[in-house]
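The values are calculated or read from the model by the stated rules, or taken from the named source; none is laboratory data. Keep in mind the model is a prediction, meaning the values are calculated, not measured. Glycine also receives a Cβ, built like all others from the backbone with ideal geometry; neighbour counts cover every protein chain displayed.
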Amino acid sequence: MTREIDIVSLYPKDMNIYGDSGNVLTVERRLALYGYEPRVHMVNQNDPWPDHADIILGGGGQDTGQKKIIEDFFRRADLLRSLAQDGVPMLMICGLYQLFGDYFATIDGSKLEGISIIPAYTVGQEVRMIGNLTEESDQFGTIIGYENHSGQTFLREGAKPLGHVAPGMGNNGEDGTEGARVHNVIGTYMHGSLLPKNPEIADFLIRTAVTRRYGSFMPDQTTEQAEEMRRIAKITEMARKTAAERPR
């Protein structure tokens, strides 16, 4: 029986300056190793939306990239809000994390309205928040990544932080929070790419998507696939250990 899972990569041309396409590759590979058939849809400006969207992944970009996509982004706003409310798992990194909020007031005095999936707002500043980052999450344990942003994001009522940082700047360098969770939507400033070093988050997205579409998550692995998963787990643990020991 075909067990397809449709992955939407949102604006990979303009919102992928920190290697966030690695998140798409990770979800695609892990789905295949679990015995599912991943189908990746690259959705850029004016591209058609696929018939199914089981997982939606978006990356980071400069202010100029955000401005390029904003018109098309707002045309899809109602659809994205509907999918989020319906429980579709999403991961939005940096620039798209900001645009999933209420607004982003940029350093040049302009204001980019968001689509208010995540109750949060962002304010640009001169100083960049940059460096290796480790945070603690109630659901995902220790999350390891790299932050590089100048926007300060402040969560509003209805949004829970993805985790808490110490040390590190996180959302705003003031309240110790990093990222946000609403429904099954995750927003974060974590680059790296995030998912190769944090398989707990990748598997959350996968399990949620598969269960939503098929009613349950039931891996069907060959011996070779199971061995490959074990090999990846060993490499991932070494990569996490190395990254966690790096100074900011």
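Here are the numbers for the structure shown:
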read-out	value
Cβ-Cβ under 9 Å pairs, at least 6 apart or on other chains, the stretch 117-128 side farther than 13 Å from GLY173 by Cα, far side charged (D, E, K, R) and assigned to a strand (DSSP E or B)	ILE118/ARG181
Count of residues meeting criterion [closer than 21 Å to TYR18 by Cα and assigned to a loop (DSSP other than H, G, I, E, B)] in the stretch 174-201	6
Scan of the stretch 56-106 for residues that are farther than 25 Å from ILE201 by Cα, of a type outside the set (Gly, Ala, Ser) and in a strand (DSSP E or B), ordered by number	TYR103, PHE104
ALA53 surrounded by fewer than 23 Cβ atoms within 10 Å (Cβ to Cβ), in a helix (DSSP H, G or I), among the aliphatic types (A, V, I, L, M) and at pLDDT 95 or above	no
Any pair with Cβ under 9 angstrom, 6 or more apart, that starts in the stretch 153-171 at a residue that is free of Cβ contacts under 8 Å to residues at least 60 places away in the same chain and ends at one that is among the basic types (Lys, Arg) and in a strand (DSSP E or B)	ALA159/ARG181; LYS160/ARG181; PRO161/ARG181; LEU162/ARG181
Test for ALA120: is it crowded, with 16+ Cβ neighbours inside 10 Å, over 27 Å from LEU33 (Cβ atoms) and under 15 Å from the mean Cα position of the chain (by Cα)	no
Test for GLU174: is it free of Cβ contacts under 8 Å to residues at least 40 places away in the same chain, touching a strand residue (DSSP E or B) at 6+ places or on another chain (Cβ under 9 Å) and of a type in the set (D, E, K, R)	yes
Among the residues listed as ALA105, ALA77, the single one being surrounded by fewer than 18 Cβ atoms within 10 Å (Cβ to Cβ), more than 17 Å from ALA159 (Cα to Cα), at pLDDT 95 or above and not polar (S, T, N, Q)	ALA77
Hits in the stretch 1-44 - residues which are at pLDDT 95 or above, farther than 16 Å from ASP203 by Cβ and polar (S, T, N, Q)	SER9, ASN44
Filtered residues of the stretch 80-102 (kept if exposed (fewer than 14 other Cβ atoms within 10 Å of the Cβ) and of a type in the set (Asp, Glu))	ASP86
Residue check, ALA166 farther than 16 Å from GLY60 by Cα, surrounded by fewer than 20 Cβ atoms within 10 Å (Cβ to Cβ) and of a type in the set (A, V, I, L, M)	yes
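Yes/no per residue for (1) among the hydroxyl-bearing types (Ser, Thr, Tyr); (2) within 30 Å of GLY101 (Cα to Cα); (3) surrounded by fewer than 19 Cβ atoms within 10 Å (Cβ to Cβ):
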residue: LYS160; (1), (2), (3): no, yes, yes
residue: GLU174; (1), (2), (3): no, yes, yes
residue: THR188; (1), (2), (3): yes, yes, no
residue: ASP220; (1), (2), (3): no, no, yes
residue: ARG231; (1), (2), (3): no, no, yes
residue: ALA243; (1), (2), (3): no, yes, yes
